[in-house]
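One structure below.
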Amino acid sequence: MTGEDRARWVLRHADDCLVLAQRLGAQVSRGPDLEEDIAGANLAIDLLGQARALLTHAGELEGRGRDEDALAMERDERAFTNLLLVEQPDPDFAHTIVRQFLFDAWQVPLYEALARSADDVLAGIAQKGVKEARYHLSHSAGWVVRLGDGTDESHRRTAGALHRLWRFSDELFEADDLDLDMADAGLGVDPSTLRPAWEGTVERVLSEATLDRPRGTGSRSGGRTGYHTEHLGHLLSDLQYLHRSHQGASW
Amino acid sequence: MNDLLDLVALRTELESIPDPEVPVLSIGDLGVLRDVTQEGGRVVVVVTPTYSGCPAMDHIKDLIVEVAGAAGHSVEVRTVYSPAWTTDWMSDDARERLAAYGIAPPGPATVTITEPVRCPRCRSRRTEVVSRFGTTACKSLMRCRDCLEPFDHFKAI
């Protein structure tokens, strides 16, 4: 596999972490209570740390001199290859939690598999990240249960968020040629193999939360090829504005 | 031989750099400082973050360059992620200092069922989690049900 191809694959996962970190960071000060506000910031900073390590590694594999900042701040929307799920907005706290839960339940088995990658750097990032992802999952799963099995209002909102976000869940498991080549080379993971673990977690938690698995939501994908929902452009303008308007600025 | 002695002395000095967020512990206590080696003509200092996004990491790297510089060494600081950092690397002595500082030390990370966390103030084990995320990435927030004081707990990972 060429360095360029390996970089493209690593970048997908870097973008997942970066975009979700930005979403969570933007929610700071809007948590339902102070503790949850701090929790959201902590989730964001873990994901940002994973994003930085993955971006740096992608830049090195690519070999064109782009560092983490160039990759995070100087690419346009079409060059981002994150999952559509992570760019979805936060109309209420239920969306924040359900998005996090669907992602965490996927990221844990992803990192467990990636921890055995033949790429030592990638394996190291995953071995570290999996500890964080497990902690995130126990937190987000706990909230799904608390909200789903809570008041009528919290149940209604959580069921609504689940219904709206479910259409982006198939994309978590879509494998293209790059995924399969990376998996064959022992460097990456075929995302379709993550489905049983994800289904197991989701089924267990939804059942405890008295939430039904959504049906008839349809299915959307395109993030891995740079076709995004309308939300990513706005998110990137927030993320990248300062860097692009004041190039080379530091403090 | 002099080079080797120099490296050992440098390592000892770097190990004593206090952690910016938990100053009662040094980066040696935490296991953040992994290695000090010589590669060709230059000294390489290897560090590993406690958490992927630990914001103190950049500051720690600056401190390493500064302290090494004062000792006459120009060093390269390199970050590694494997083996993944664990609180199990923390010595008993470091755990005692952490408790004396008011932060409940981590239990063993490798077992799932652990003893209840002990209040660093009154030593009671009747404690509860207030928030699974605390003031820094490495801590959760707890409360003692006997002395009623809130306290930080260093999470076991």
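The values are calculated or read from the model by the stated rules, or taken from the named source; none is laboratory data. The structure displayed is predicted, hence computed values, not measured ones. Counting neighbours? That spans all protein chains shown, and the Cβs are built from the backbone with ideal geometry, glycine included.
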Condition check for A:A133: within 13 Å of chain B (Cβ to nearest Cβ) and buried (at least 21 other Cβ atoms within 10 Å of the Cβ): yes
Failed item, numbered, when A:D104 is tested on (1) surrounded by fewer than 20 Cβ atoms within 10 Å (Cβ to Cβ); (2) among the acidic types (D, E); (3) without any contact (Cβ under 8 Å) to a residue 40 or more places away in the chain: (1)
A:W106 versus (1) in contact with a Leu (Cβ under 6 Å, 6 or more places away or on another chain); (2) farther than 30 Å from A:E60 by Cα: which is the lone unmet condition? (2)
Just for the stretch B:123-149: of the residues that are loosely packed, with under 14 Cβ neighbours inside 10 Å and part of a strand (DSSP E or B), which one is farthest from the other protein chains (Cβ to nearest Cβ)? B:E128
On the given criteria, is A:G65 over 19 Å from the mean Cα position of the chain (by Cα), farther than 19 Å from A:E230 by Cα and surrounded by fewer than 17 Cβ atoms within 10 Å (Cβ to Cβ)? yes
If A:L61 satisfies all but one of (1) under 22 Å from B:M57 (Cα atoms); (2) away from chain B (no Cβ under 14 Å), what's the number of the condition it fails? (1)
Taking the conditions exactly as written (without any contact (Cβ under 8 Å) to a residue 12 or more places away in the chain, surrounded by 21 or more Cβ atoms within 10 Å (Cβ to Cβ) and on the phi < 0 side of the Ramachandran plot), does A:G124 satisfy them or not? yes
Among the residues of the stretch A:38-58, is there at least one that is surrounded by fewer than 24 Cβ atoms within 10 Å (Cβ to Cβ), within 14 Å of chain B (Cβ to nearest Cβ) and without any contact (Cβ under 8 Å) to a residue 12 or more places away in the chain? yes
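Tally up the residues in the stretch A:174-220 that are crowded, with 18+ Cβ neighbours inside 10 Å and under 27 Å from A:V144 (Cα atoms), please.
Summing the residues that are crowded, with 18+ Cβ neighbours inside 10 Å and under 27 Å from A:V144 (Cα atoms) in the stretch A:174-220 gives 9.
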Considering each residue of the stretch A:101-130, count those that are within 13 Å of chain B (Cβ to nearest Cβ) and assigned to a helix (DSSP H, G or I), and give that number. 15
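Restricting to helices (runs of 4 or more DSSP H) lying wholly in the stretch B:12-106: which have 2 or more residues that are free of Cβ contacts under 8 Å to residues at least 60 places away in the same chain, away from chain A (no Cβ under 14 Å) and over 22 Å from A:K131 (Cβ atoms)?
Of the helices (runs of 4 or more DSSP H) lying wholly inside the stretch B:12-106, those with at least 2 residues that are free of Cβ contacts under 8 Å to residues at least 60 places away in the same chain, away from chain A (no Cβ under 14 Å) and over 22 Å from A:K131 (Cβ atoms) span B:56-70, B:92-101.
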It is to be established whether one or more residues within the stretch A:19-29 are closer than 19 Å to A:D76 by Cβ, touching a residue at least 40 places away in the same chain (Cβ under 8 Å) and away from chain B (no Cβ under 14 Å). yes
Can you name the number of the only condition in (1) surrounded by fewer than 18 Cβ atoms within 10 Å (Cβ to Cβ); (2) assigned by TED's automatic domain parsing to the domain that holds B:V32; (3) farther than 21 Å from B:E15 by Cβ that B:S52 fails? (1)
Exception for A:R157 within (1) more than 23 Å from A:N82 (Cβ to Cβ); (2) part of a loop (DSSP other than H, G, I, E, B) falls at (2)
